[in-house]
């Protein structure tokens, strides 16, 4: 495999491991559980992809992203998407400076390292389009001027899967721009118990002669545990993780099977394969390996592939869901030559 | 004048009525056979409104060799008797008595002597030939010489049975030979089947597709064996890794297939130990018997 032009040195590997461990420990001081979400956020950060989190309100999405940004000393901005939001509210606009009588550019909140696009499906399609275009091109044009977005730049969007009234569903082409779509689950009973104990321990904070009840946001430590340089080093390390020919073959097989499955109308694009390899590299590094293994593929397949597939109407009517299909695709791996599957699909 | 004419008319009517009553007292009306034109061979002839005394008649079952075909086209009651429409088709020219083809429905014999109650008169019909006299008829076909036992049909059945039996013998023989060949070629255990594959993979002779299939087939085997079919895919390989038998095996396979510089000393015997007592088809997904040459990587190289 030639994806790793330079081997990852032991020193770099250990430094990156230490950086990842420190960030995870810092996040764990505030957020209980959610290890998989933290892992996915770091994968997105290390690979320059964007991530969409789907989950009901109250699962600490915003807190998680705040603590992550503070852990690595990154700029953080949050936009609550609403129906009346305009593209200029995100990207920025030209305003007339009455003192100089000239137009001056006012950059929008998109000029940050970590952007939390809260409830992205509540904004009109033109706003979604403007954000997603900026995500892809990593630059923004305001008036006649084009500005590059800061590096690193990561969009973490959220979407509430249950409340669909007054929302604009993201089309497949735009969903495809998110490298990962992770579906958050409720915490386990043990985690929930720990959340309640920690929350009960929060006190009242005196402020301006009065007092406010503290929240988790008030106890976030300001000092970062990692620098941007360490983040860049980790990003470079991810690109040096070895990907074997066999692993590439697993990915090709999996993506191809999504295109011939009887319940899938629209299979995964090649971008899914690219994202799988990128994400698998980052996950391997986070699990202390300098090479990818099938476990990375199995762990990431749902988050990478599910939003890139469209099920057939008949399958949906029969109550089949995308998670079941991805599980079936993974189970079918290694089950006979692909050509036979093609023949079956044609029949 | 008018009175005399009415008297004359009444006398004529009385005479007619007497004549009719005398006719009726004769017991049986003579068959009212119309005088139709004589039908030719093969053409139907019809006798209508024929009143025959006695109980209802029906057509006798016909002998295939009978030269006349008779059918009762219609029957209706006529006082204590019945009125018939008879249709007949002559197969040979000649004169026939339709009475010969009839019988009583109630099974009583037909009385033929004239004057007896319920007696049936003769119903003569004629069938003419349209052929000119003197035309020589073709000779009737001679009987075939059928082999001695049982006739032609039996011979056919016997031949069919023999043909099917021969086919079965050929098919079963071929199947037995094929089984014997496969049994000779098939390795005795899964380990024996895997060993050449692993050794070829170590020597770099397996294509990337085959290496991929080898690894994932073994994952599928352990998934089934440990009853993890319904485990979440994300957690599946973690669970397999925890298993004392599957874990080390899959880990060494991963190291060998995925590490940038795999360990050189692979203990193939140890790697295949768990498969030593398994039947060769324990992993049905494993179908690498016809390996592509290493040049088969051309597809990948072309990417």
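When region A:90-128 is examined, which residues are found to be part of a helix (DSSP H, G or I) and buried (at least 16 other Cβ atoms within 10 Å of the Cβ)?
A:90, A:91, A:120, A:121, A:122, A:127, A:128
For region B:192-215, how many residues meet the condition of being in a helix (DSSP H, G or I) and in contact with a helix residue (DSSP H, G or I) (Cβ under 7 Å, 6 or more places away or on another chain)?
Total satisfying the criteria: 12.
Looking at B:70, B:91, B:46, can you tell me which residue is in contact with a helix residue (DSSP H, G or I) (Cβ under 7 Å, 6 or more places away or on another chain), within 28 Å of residue B:132 (Cα to Cα) and at pLDDT 90 or above?
Going through B:70, B:91, B:46 in turn, just one is in contact with a helix residue (DSSP H, G or I) (Cβ under 7 Å, 6 or more places away or on another chain), within 28 Å of residue B:132 (Cα to Cα) and at pLDDT 90 or above: B:70.
Condition (residue is in a helix (DSSP H, G or I) and at the interface with another protein chain (Cβ under 8 Å from one of its Cβ atoms)) applied to region A:311-327: is it met by at least one residue?
Yes: region A:311-327 contains one or more residues that are in a helix (DSSP H, G or I) and at the interface with another protein chain (Cβ under 8 Å from one of its Cβ atoms).
Looking only at residues that are touching a strand residue (DSSP E or B) at 6+ places or on another chain (Cβ under 6 Å) and at pLDDT 85 or above in region A:150-172, which one is surrounded by the most Cβ atoms within 10 Å (Cβ to Cβ)?
A:156
Give the residue that is farthest from residue B:211 (Cα to Cα), with candidates limited to residues of region A:1-20 that are at pLDDT 85 or above and surrounded by 14 or more Cβ atoms within 10 Å (Cβ to Cβ).
Among those residues, the one meeting the criterion is A:19.
Residues checked against (1) on the phi < 0 side of the Ramachandran plot; (2) surrounded by 12 or more Cβ atoms within 10 Å (Cβ to Cβ); (3) modelled with pLDDT of 75 or more:
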residue: B:100; (1), (2), (3): yes, yes, yes
residue: B:107; (1), (2), (3): no, no, yes
residue: B:140; (1), (2), (3): yes, no, yes
residue: B:151; (1), (2), (3): no, no, yes
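To keep it simple, each residue is scored yes or no on (1) in a loop (DSSP other than H, G, I, E, B); (2) more than 9 Å from every other protein chain (Cβ to nearest Cβ).
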{"position": "B:224", "(1), (2)": "no, yes"}
{"position": "B:228", "(1), (2)": "yes, yes"}
{"position": "B:236", "(1), (2)": "no, no"}
{"position": "B:241", "(1), (2)": "no, no"}
{"position": "B:244", "(1), (2)": "yes, yes"}
{"position": "B:247", "(1), (2)": "no, yes"}
{"position": "B:256", "(1), (2)": "no, yes"}
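The values are calculated or read from the model by the stated rules, or taken from the named source; none is laboratory data. Since the model is a prediction, treat every value here as computed from it, not as a measurement. Every residue, glycine as well, gets a Cβ built from its backbone with ideal geometry; the counts of neighbours run over all protein chains shown.
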